[in-house]
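Just so it is clear, none of the values below were taken in a lab; they were calculated from the coordinates. Small disclaimer: the values here were computed from a predicted structure and weren't measured. Here Cβ is always computed from backbone atoms with ideal geometry, including for glycine, and neighbour counts include all displayed protein chains.
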Amino acid sequence: MTDNTFEPTIIGFTCNWCSYRASDLAGTARMKYAPNVRLIRLMCSGRLDPTFVLRALSDGADGVMITGCHPGECHYIEQNYKALRRYLLLKRVLVGMGIEPERVKLVWASAAEGAKFAAETTAFVEEVRKLGPLCWGKDEGERIKDESKNKNSSFITHPSSFEKEVPA
Amino acid sequence: MTERVGVYVCHCGSNIAGTVDVVDVANWAAEKLGRQGVIIAREYKFMCSSLGQELIEKDIKELGLTRVVVAACSPHLHEKTFRTAAKNAGLNPYLVELASIREQVSWVHSDKVVATAKAKAVVSGAVSRVIENRPLEEIKVPINPNTLVVGGGIAGIQSALEIANAGFHVYLVEREPSIGGHMAQFDKTFPTLDCSACILTPRMVEAGTHPNITLLTWSEVTNVAGYVGNFHVTIKKKARFINEELCTGCGICQEKCPKKVIDDVYEAGLGYRKAVYTPFAQAVPNFPVMDKENCTYFIKGTCKACEKFCPTGAIDFNQQDEMLHIDVGNIVLATGYDLFDARRVSNYGYGRLPNVFTSLEFERLSNAAGPTSGNIVLRDGKTTPKSVGIIHCVGSRDKNFNNYCSVICCMQGLKFAHLVHERTGATVYNFYIDMRTAYKAYDEFYQRVLEEGTLFVRGKVAEVTDAARNEREKGKLIIQCEDTLAGKQRRIPVDMVILSSGLQPRKDAKEVGKLFGISCSMDGWFTEKHPKLDPVATMTEGIYIVGCAQGPKDIPSSVAQGAAASARVLDKILQKEVALEPIKASVDATLCSGCKICNGLCPFNAITFIEDDKVTSINPALCQGCGTCVAACPAGAISGTGFSNEQIIAQIDGLMLRNLEMA
């Protein structure tokens with residue numbers, strides 16, 4: 001599903017001490033990057049409850065970017081390792097839910113790495129663009145509409161047959 | 001209760017308005033977010049100006065706003081400004097939210113349509129979030145006026161003296177038997193060539209006798225608990241085997257002790273000390289220390305020569321290590337540096353070629369109180385060198401070892417050149433990559449050394465070898481180097497080589513950092529709060545770093561930092577209490593199942609399990625507010641103020657514009 005006109009929406013979770021400051025730095029330096037990511041500032045990547053990621057995806061986001069301090073540089077000593085742990089587990093859960101794990105990405109960016117933040121953001125937007133829209137959060141009717149919009153018209157499915165295919 | 005939200009969109013001159021249609025954003029917010037509670041949305045040229053702030057204050061008072069969203073710059077810049085404005089108008093400051101549409105939107109995107117759409121989403125997210133904000137109060141904690149200074153080098157001494165002179169108590173802890181640090185080992189100090197001992201020892205004595213300083217040498221900090229204003233510190237005072245009450249420091253025990261030991265610390269391995277010793281004559285305090293590892297009595301069970309001759313009966317072989325518990329409000333870390341181990345640069349031959357010396361060895365060699373009484377001689381102890389090569393940047397500015405510049409080595413190399421020249425008349429070669437003589441009177445010193453006739457070769461030395469190729473090189477050390485100014489390879493035979501070794505973080509810097517809850521840079525130096533504007537504070541409130549613990553630096557800078565940290569400490573002490581951000585986690589005991597999943601997650605020991613109630617509890621004073629435990633609690637029993645689940649989920653919904661459908 002490669003649709004070049006598709007503009008993904010991405011939610012980004014940033015750490016207050018490193019990557020949020022990196023995004024500030026990217027701003028101060030007027031570095032241009034893809035506008036698809038909307039940021040949420042947390043005090044630490046360790047604050048990231050994996051359900052936030054699922055909430056964002058179910059709200060219609062096509063991808064989620066999580067950013068934190070480099071290993072060994074956590075403002076709270078070692079909480080980014082806990083974020084890493086949760087991230088790796090979450091990726092496995094995503095597979096079980098039928099979501100491409102590549103839709104969620106963890107990036108380390110220190111407060112000095114504005115350029116890295118900008119580059120990683122743009123790169124991730126392209127990765128998600130290739131994956132296509134997620135349409136996970138939309139209700140069945142909307143989903144079918146989206147599917148038929150993106151696929152050719154020979155693909156016809158009724159909401160009822162969809163339900164049957166999903167194991168209880 | 002429905003909240004009454006005011007949205008304020010800032011133009012920031014053209015910084016925002018140039019890329020984002022601010023009028024459209026404000027109108028959109030008023031129209032679309034009205035059902036969420038937005039009752040007013042305004043745009044203004046500079047929200048942070050006093051007129052802009054007045055606008056918000058007026059609306060809070062007249063329209064009865066209960067929440068405020070300012071769509072402007074990053075919260076790191078003006079969050080405080082707008083929180084203060086809200087406070088002035090009688091609204092709790094934590095009910096204000098900043099939507100960053102400058103750093104995160106207008107400055108990083110160029111398409112006006114796209115940027116305006118993103119700005120709307122960001123504002124929507126902030127509105128959804130702010131509704132879930134709860135009023136918070138800053139937490140005030142009293143400050144213990146006592147201070148702990150760790151490390152008794154010049155930086156630590158300076159810091160301790162400044163605080164003590166201001167009338168507050170200081171505990172000065174030093175791992176070695178005496179304070180003084182590396183500076184006590186030096187002969188001369190650049191660029192003025194003051195005698196190091198002459199300027200240092202009066203300070204040492206002052207620190208040792210100051211009524212407001214408790215000096216704890218031969219001691220180490222083993223545990224730190226608590227937080228700014230209220231640290232609880234455990235210090236291990238190692239057994240000296242000397243009763244400090246009785247000892248007069250007469251030195252007879254050292255004289256009578258039959259056991260000679262190579263002194264690797266103070267004499268850099270060039271001289272001997274006894275098994276019972278003070279590292280040097282002017283040591284503060286001047287009570288000796290018994291070296292248990294080498295003392296004949298401790299090894300063989302007989303001797304006790306010191307005890308026999310001690311006129312005051314101060315020797316106590318039964319002394320035990322003591323654990324001291326002290327409470328302090330602030331901590332200054334002045335733990336210093338380790339010299340780069342020149343053995344690692346094997347092609348320079350240190351440890352293999354006898355007449356290759358490290359900088360610290362040369363300091364002892366040139367020191368009038370050193371093992372050679374200041375005679376600069378070769379390793380045989382008698383031959384005066386006729387030619388000396390000084391190699392700069394050993395272990396520094398080298399991808400194989402340390403990338404950073406060690407700051408002091410150029411000036412140190414010049415000082416060595418001067419001393420060799422003055423005392424031996426030998427020909428001196430300096431091998432340097434770049435000559436870095438920044439700071440007051442430093443370059444003048446370089447000029448002086450140039451005029452004295454020292455030779456300078458620009459180029460990184462490839463090798464120091466004793467493999468002679470001709471008569472001229474026989475019996476000499478040959479320095480093989482590319483002279484980048486002459487553009488040719490040179491082999492320069494010399495009698496003595498001095499390696500101007502770099503500085504590196506203490507071997508245990510990482511563990512020390514962990515003990516005090518501060519972090520180290522990639523290179524291993526302690527990380528300051530801000531490299532320019534807050535160079536002595538750390539991210540952990542109440543912990544300061546001074547001297548070489550923070551990065552390589554010379555004596556004047558170390559002293560300046562020591563004094564700077566004291567000013568920060570005194571500032572804290574005089575405030576009598578400190579306000580902490582109310583971003584804290586707390587446990588709802590009725591929801592906690594006692595699973596203990598969160599118990600191991602807190603690096604600040606804020607989480608404890610209450611056995612009696614079988615629930616977990618969080619000490620708000622220790623909690624730093626990272627929120628890791630909040631995210632981990634499977635029962636949702638832990639909530640985090642300022643960044644609650646409700647706030648974050650509302651912000652996600654808002655950013656995804658789900659709030660428009662739901663309302």
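Before moving on, here are some points about what is shown:
- Pair residue A:127, residue B:245: separation of 7 Å Cα→Cβ label points (nm): 6.9
- Pairwise centroid distance, computed over Cα atoms, of the range B:309-353 with the range B:96-126, Å: 55
- Label-reachable residues, the range B:287-301, where backbone N falls under 19 Å from a point 7 Å from residue B:255's Cα toward its Cβ: B:287-290
- Using the average count of surrounding beta-carbon atoms within 10 Å as a protection proxy, the listed peptides A:64-71, B:287-294 rank, highest first, as A:64-71, B:287-294.
- Partner shielding of B:227-240 amounts to 0, given as the average count of beta-carbon atoms from other chains within 10 Å of each residue beta-carbon.
- The order of the peptides B:142-149, B:591-598 by mean Cβ neighbours within 10 Å, most packed first, is B:142-149, B:591-598.
- Inter-chain Cβ neighbour average for residues B:546-558, partner chain, 10 Å: 0
- Acute angle (nearest 10 degrees) that the helix B:22-32 long axis makes with the longest principal axis of chain B, alpha-carbon atoms: 50
- Helix-only mean residue ellipticity at 222 nm for chain B, each DSSP H run of n ≥ 4 adding -39500 (n - 2.57), per residue, nearest 500: -8500 deg cm²/dmol
- Our summary gives chain B a relative contact order of 14 percent, counting only alpha carbon pairs under 8 angstrom and 6 or more residues apart.
- Partners for residue A:130 among lysines (Cα-Cα distance below 16 Å; same-chain residues under 8 apart left out): A:105, A:151
- Long-range HN-HN contacts of residue B:456 with modeled amide H, under 5 Å: B:430
- Full extension of the chain between residue B:62 and residue B:110 gives 13.5 nm of extra length, using 0.36 nm per residue less the Cα-Cα distance.
- Residue-wise HN-Hα couplings along the range B:569-581, as the Karplus relation 6.51 cos²θ - 1.76 cosθ + 1.60 with θ = phi - 60° gives them from phi, are 5, 4, 4, 5, 4, 6, 6, 6, 9, 10, 9, 9, 4 Hz; Gly and Pro carry x.
- Contour minus Cα-Cα distance for residue B:193 and residue B:262 (0.36 nm per residue): 22.0 nm
- Considering only beta bridges that DSSP places wholly inside the protein assembly as shown, some 45 percent are antiparallel.
- With the cut-off at under 19 Å, measuring from each backbone N in the range B:556-573 to a point 7 Å along the Cα-to-Cβ line of residue B:232 picks out no residue.
- Residue B:272 versus residue B:49: modelled label distance in nm, points set 7 Å from Cα along the beta carbon direction: 8.1
- Cα-based shape type of the range B:421-464, given that a ≥ b ≥ c are square roots of the gyration tensor eigenvalues and the cut on a/c is 1.5: oblate
- For the range A:45-58, Karplus couplings with θ = phi - 60° (6.51, -1.76, 1.60), whole Hz, Gly/Pro x: 4, x, 6, 5, 7, x, 5, 4, 5, 5, 4, 4, 5, 6
- Amide H within-cut-off set for residue B:482, under 5 Å, with H built and near neighbours excluded: B:460, B:462, B:490
- In order along the range B:44-60, phi translates into HN-Hα couplings of 8, 4, 9, 5, 7, 5, 5, 5, x, 5, 4, 4, 5, 4, 5, 5, 4 Hz, rounded to whole numbers, per the Karplus curve 6.51 cos²θ - 1.76 cosθ + 1.60 with θ = phi - 60° and x for Gly and Pro.
- Förster radius 56 Å - calculated FRET efficiency between residue B:575 and residue B:386 (Cβ-Cβ, nearest 0.05): 0.35
- Per residue of peptide B:99-108, the mean number of Cβ atoms on other chains within 10 Å of the residue Cβ is 6.
- Once you reduce the range B:586-663 and the range B:200-227 to the center of their Cα atoms, the two points are 41 Å from each other.
- Computed packing ranks the peptides B:573-586, B:356-369, B:515-528 as B:356-369, B:515-528, B:573-586, most packed first, by mean other Cβ atoms within 10 Å.
- One chain, two ends: residue B:590 and residue B:621. Fully extended at 0.36 nm per residue, the span grows by 9.0 nm beyond their Cα-Cα distance.
- B:423, B:436 arranged by Cβ crowding within 10 Å, fewest neighbours leading: B:423, B:436
- For the range A:10-137, the share of DSSP beta bridges that are antiparallel, to the nearest 5, is 5%.
- If you wrap the tightest convex hull around every Cα atom of the range B:585-640 and split its volume per residue, you get 66 Å³.
- 5 angstrom amide H check on residue B:217, placed H, neighbours 5+ away: B:174
- Cβ-Cβ FRET estimate between residue B:80 and residue B:473, R0 fixed at 51 Å, reported to 0.05: 0.15
- Where a label projected 7 Å from the Cα of residue B:92 along Cα→Cβ would reach, residues of the range B:639-663 with amide N under 16 Å: B:639-648
- Under a model in which nothing but the beta-carbon of Lys, Arg (+1) and Asp, Glu (-1) is charged, chain B shows a dipole of about 1320 debye around its Cα centre.
- The DSSP beta bridges internal to the range B:337-504 are antiparallel in roughly 45% of cases.
- Dipole check for the protein assembly as shown: with +1 at the C-beta of Lys and Arg, -1 at the C-beta of Asp and Glu, and the Cα centre as origin, the magnitude is about 1300 Debye.
- With 19 Å as the limit on Cα-Cα distance, the pairs of B:256/B:304; B:32/B:120; B:236/B:292; A:116/B:584 that go past it are A:116/B:584.
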